[in-house]
Structures are given as structure tokens and as C-alpha cells.
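Novice: I'd like to ask you about the structure that follows.
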Amino acid sequence: MTSATTSSATPDWRNTPADRRWLVLVVVAVAQLMLVLDGTIVNIALPSAQQSLGFSNSDRQWVVTAYALSFGSLLLVGGRLGGMFSRKWVFVTGLVGFAIASAIGGAAGSFVVLVTGRALQGAFGAVLAPAAPGTLVTTFNDQRERGKAFGVFGSVASSGGAIGLILGGVLTQHLRGAGACTSTWCSPR
């Protein structure tokens, strides 16, 4: 007598689609948190970056505007890319690109590199932002689970602004004394 089922007493929960859905939610929520945090952290760290890189008050606006211009102007394109191609891969591309652009901006040794990094962050953020909720829609088919997923997603996104203000202050204040600052986060003492 042969059995077609496995004799394992405990199922492998890591490979069940239901568990992967919640992992997808965590990744998407963290990515959205990263997008929201970015705007507030930069605003708090901007005076220290200005002092460190030595750019003028009139140039400070470019650090914020480079992100906003590229994000706002490419947001519809980012949404369309998610519709044309796999949302998963558009999301991953946006996430990796945003992380690399953040590293470029964080390690900037000049004003031009900082603004370029911010513009790239905005461009990849515009790809990432519409792919995130699209990924949740296709991942959660059950209406109740989708409602819970979007509740978590919205809560994380809305709390990101407050967390960013606090985290920006902590980073600029405490890392400055530890000497672990990059040029854009805080100036050396």
C-alpha cells in the first residue's frame, strides 16, 4: 500500500502561500515606510548636510526639490510600468534602485552628487510607490485579508512621517558625536 501524501507530522509553514502573503506585506510596508521616512529625515538633516558640504541657503531647496520633481513627474510612468510588466519585478527594481540612490546621497561628498542622489531617489520612488499597493492587491485575494493588509500598510505609511522626524533628529544628534556620520547626515565636530 502506497500513500501519495507525505508522512510529515508538521507541515512546512515557510512554503505555504498564506505565510508568504504576510511576508510580502511586511516587505511592502517597510518599503513604503522608507519612502515616507526619506522626506522627513532629509528635512531634519539638511542643515547639517549644508554645513558639511558647504552649499548656500538658496541651494538647500534643490535637495528637496530634486526628489519632489523626479518623484512627481515620474509617478504615472511608474504606475504604468507596474501595469505593463510584473508588479513584483517593478517593485523589486524600485526598491533596489531607491536603496542604491539613498546610498549615493548618503555618501555624497559634494552638493552635485547629493542632488543627483536625491533625484534618483525620487525617480526610483516613483517606480516603487505605485507598485507597492498594486502588489498588495494581487497578493491578497480574500477581501477580509486585503482589508487587514491595507490597514497595516496605511498605518505604517501614516506613522512614517512622525518616525522620520524623530529618527532624523536622533541620527544627526547622536551619530555626530560618535564620528559615524556620512557627509550628508551630520557635520564633523
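No value in this document is a laboratory result; all are computed from the given coordinates. Bear in mind the structure is a predicted one, so any value in this text is a computation, not a measurement. No Cβ is skipped: glycine too gets one built from the backbone with ideal geometry, and neighbour counts run over all protein chains shown.
Novice: Note the full-extension length gain between Val152 and Gln61 as 0.36 nm times their separation in residues minus their Cα-Cα distance, in nm to one decimal.
Specialist: Using 0.36 nm per residue and subtracting the Cα-Cα distance, I get 29.5 nm.
Novice: Ratio of alpha-carbon Rg to the 2.2 N^0.38 Å globular estimate for the stretch 71-160, to two decimals, please.
Specialist: Working it through for the stretch 71-160, the quotient is 1.22.
Novice: While we're on this one: Within 13 Å, Cβ to Cβ, of Lys148, how many net charges do the neighbouring residues add up to if Lys/Arg are +1 and Asp/Glu are -1? Kindly include the intermediate steps, with their values, before the conclusion.
Specialist: On the way: positive: Arg21, Arg144, Arg146; negative: Asp142, Glu145.
Surrounding charge for Lys148 is +1.
Novice: Running Debye on the stretch 18-178 with equal point scatterers at the Cα sites and no solvent, what base-10 log of I(q)/I(0) appears at q = 0.10, 0.11, 0.14 Å⁻¹?
Specialist: For the stretch 18-178, the Cα-only Debye profile gives -0.39, -0.47, -0.72.
Novice: What does the charge count near Ala123 come to, summing +1 for each Lys or Arg and -1 for each Asp or Glu among other residues with Cβ under 15 Å from its Cβ?
Specialist: +1
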